[in-house]
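Visitor: Let me give you the structure first, and then I'll get to my questions.
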Amino acid sequence: MTRKPGAGKMPDEAGTDREDFVDLRLYVVDRTSRSLTAYANIKKICEAYSPGKYRITVIDLLKSPDLARSEDITAVPTLIRVPRTPGGRKIIGMLTDTKKVLEELDLTGNGEDSGNPGRNTNKHRTITR
């Protein structure tokens, strides 16, 4: 499910197709505070490191439960980069550690690290696929 921009909604993309385009899927269950926080955090990271060159597709597993099994989603929120490659990674949690998100999803750019180093980074974990 892709949500369109609007009041209280999570927009799905902020750019056009390019060679360095970043395509992400954020798996959530309903519009919980954790899901909304994860979305806001990844959008902030994308704006800083890939401005205008990303798309975030939000997939609500309540509406598409079959995707949880086919994509091996065991916890939410979960973020993956598309296309998935062998050794590709996914991140589970609220995406509060900018440096970790950049490393795990292989996002690069010239923005400054907007992470919050004082926060507990144990709120999310990375799973190697």
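The values are calculated or read from the model by the stated rules, or taken from the named source; none is laboratory data. As the structure is a computational prediction, the values presented were derived from the model and not from experiment. In this analysis, Cβ positions are derived from the backbone assuming ideal geometry, glycine residues included, and neighbour counts consider all displayed protein chains.
Visitor: Can you spot a residue in the stretch 26-44 that is out of contact with any Gly (no Cβ under 6 Å at 6 or more places or on another chain), modelled with pLDDT under 95, surrounded by 15 or more Cβ atoms within 10 Å (Cβ to Cβ) and outside any loop (DSSP other than H, G, I, E, B)?
Guide: No, the stretch 26-44 contains no residue that is out of contact with any Gly (no Cβ under 6 Å at 6 or more places or on another chain), modelled with pLDDT under 95, surrounded by 15 or more Cβ atoms within 10 Å (Cβ to Cβ) and outside any loop (DSSP other than H, G, I, E, B).
Visitor: Next up: Which residue, of GLY15, GLY118, GLY109, is of a type in the set (Gly, Ala, Ser), exposed (fewer than 12 other Cβ atoms within 10 Å of the Cβ) and at pLDDT below 95? If you could, list the steps in order and put the result at the bottom.
Guide: Values: GLY15 fails: exposed (fewer than 12 other Cβ atoms within 10 Å of the Cβ); GLY109 fails: exposed (fewer than 12 other Cβ atoms within 10 Å of the Cβ).
After ruling out the rest, the residue left standing is GLY118.
Visitor: Write out, first by first residue and then by second, each pair whose Cβ atoms fall under 8 Å of each other, whose residues are 6+ apart or on separate chains, and whose first residue, in the stretch 34-52, is of a type in the set (Asp, Glu) while the second is at pLDDT below 95 and not in a helix (DSSP H, G or I).
Guide: Every condition considered, the pairs that remain are GLU47/ALA14; GLU47/GLY111.
For every residue, the table says whether it meets (1) in a helix (DSSP H, G or I); (2) touching a strand residue (DSSP E or B) at 6+ places or on another chain (Cβ under 7 Å); (3) surrounded by 15 or more Cβ atoms within 10 Å (Cβ to Cβ); (4) modelled with pLDDT under 95.
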residue	(1), (2), (3), (4)
PRO51	no, no, no, yes
ILE56	no, yes, yes, no
ILE59	no, yes, yes, no
LEU67	yes, yes, yes, yes
THR74	no, no, no, yes
ILE80	no, yes, yes, yes
ARG84	no, no, no, yes
ILE91	no, yes, yes, yes
VAL101	yes, yes, yes, yes
